[in-house]
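To start, the structure under review is shown below, and the notes come after it.
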Amino acid sequence: MRCVIARFPFDLTKGEVEQSMSEVTPEPVTGVSVTIGSRLYPVMQVGEVITRQSRRDFTTGEMRRALTRLGFTCHEAPPVTQAPEWS
């Protein structure tokens with residue numbers, strides 16, 4: 001499927017993305033994430049691996065749309081927890 005990420009066209013398949021990410025250790029999730037296989041990856045990490053571009057070159061929204069179109073499940077950012085206030 002053709003996806004445009006950071007103004008560059010990429011022909012990606014779900015299998016190619018799964019294969020590219022199979023040997024990559026997931027970073028801690030702090031924002032929007034995607035399930036690939038049995039692992040949860042930050043979408044920006046996946047974008048950097050599959051496009052070979054800097055994370056500054058594309059947005060979370062671009063990656064989320066592309067990954068969703070390829071059939072992956074994306075997840076919202078986890079809720080921010082606040083440390084308890086000590087009196």
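The values are calculated or read from the model by the stated rules, or taken from the named source; none is laboratory data. Predicted, not measured: the structure shown is a model, and the values here were computed from it. Cβ placement follows ideal geometry from the backbone for every residue including glycine, while neighbour counts extend to all protein chains displayed.
Does any residue of the stretch 34-56 turn out to be of a type in the set (Gly, Ala, Ser) and in contact with a Pro (Cβ under 8 Å, 6 or more places away or on another chain)? So far as the stretch 34-56 goes, no, none of its residues is of a type in the set (Gly, Ala, Ser) and in contact with a Pro (Cβ under 8 Å, 6 or more places away or on another chain). Looking at the stretch 1-59, the strands (runs of 3 or more DSSP E) lying wholly inside it that each contain 2 or more residues that are surrounded by fewer than 18 Cβ atoms within 10 Å (Cβ to Cβ) sit at 2-5, 8-11, 39-42. Selection of first residues in the stretch 54-79 that are β-branched (Val, Ile, Thr) and of second residues that are assigned to a loop (DSSP other than H, G, I, E, B), restricted to Cβ pairs under 7 Å at least 6 apart or on distinct chains, gives the following pairs, ordered by first then second residue: THR60/GLY31; THR60/VAL32. When GLU18, GLU76, GLU23 are checked against the criterion of being more than 10 Å from the chain's Cα centre (by Cα) and modelled with pLDDT of 95 or more, a single residue qualifies: GLU18. Contact annotation: residue pairs with Cβ atoms under 8 Å, 6 or more positions apart or on different chains, pairing a residue in the stretch 1-24 that is closer than 10 Å to LEU70 by Cα with a partner that is in a strand (DSSP E or B) and aliphatic (A, V, I, L, M), are VAL17/ILE36.
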